[in-house]
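What follows is a short report on a single structure.
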Amino acid sequence: MDVEKEARECYAKPIDCETNDFVQILEPIPSATSLAEAGIKFKPGKSKSILGIKFDKGVLEIPSLLIQETTETTIRNLISFEQCYTECDARFTSYAILIDSLINNAQDAELLGKNKIVYNWLSPEDTAKFFNKLYYDTYVNKYYYGKLSRNLNSYCEQRWPQWRAVLVRNYFGTPWAILSTMAAVILLILSFLQTWYTIT
């Protein structure tokens with residue numbers, strides 16, 4: 001997505017966001033790999049705006065971002081503009097903070113790459129460094145993704161999504177794991193039936 005074009009469109013029209021979505025205090029969220037371990041799935045968002053990040057029913061939708069030569073400069077300039085013009089909502093600064101929270105290391109970057117959220121020619125390590133340095137020395141008086149962060153953290157605190165993620169990863173992660181699990185279940189049923197007929 002063309003970040004410069006997106007920026008022009010973003011400031012030219014009102015955003016679809018409730019007032020209480022902007023909060024004074026930043027609420028940290030876990031990294032992408034930690035969210036995945038908690039049962040959250042990632043998918044590329046359908047929004048035309050890179051800011052249109054949504055979370056619903058355990059699915060975090062993030063519009064795809066193509067990292068190219070001018071991407072860092074463009075985003076940094078937008079963040080600088082927001083820092084200098086105090087009447088402007090810190091939308092791109094909030095975006096940089098959120099993505100930085102998701103990408104702490106190479107594993108996080110690789111996960112988002114596999115889910116077609118980040119496209120680039122950088123290594124996973126360089127991708128993590130790219131996002132980790134975008135918003136140094138910035139100030140955010142109103143955070144754009146406050147409500148989304150609260151919803152993510154609330155979901156992560158639930159036990160069932162975590163158990164389900166572990167179950168899928170350990171027993172249904174590969175075709176061989178699925179076959180092994182099915183064989184074990186069939187064997188258990190046959191053993192039960194044999195015991196039942198022996199008793200009766």
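Any read-out appearing in this document is the output of simple, stated calculations on the displayed coordinates, not a laboratory observation. Quick caveat: nothing in here was measured; it's all calculated off a predicted structure. For neighbour counting, all protein chains shown are included, and Cβ atoms are generated from backbone atoms with ideal geometry for every residue, glycine included.
Before moving on, here are some points about what is shown:
- Within segment 67-115, the GluC sites (Glu not before Pro) that combine a DSSP coil assignment with at most 10 other C-beta atoms in a 10 angstrom radius are Glu69, Glu87.
- Shown is the FRET efficiency for Thr86 and Leu66, computed with R0 = 25 Å from the Cβ-Cβ distance and rounded to the nearest 0.05: 0.25.
- The chymotrypsin sites (Phe, Trp or Tyr not before Pro) of segment 33-120 meeting both criteria, a DSSP state outside H, G, I, E and B (loop) and at most 13 other C-beta atoms within 10 angstrom of the site's C-beta, are Tyr85.
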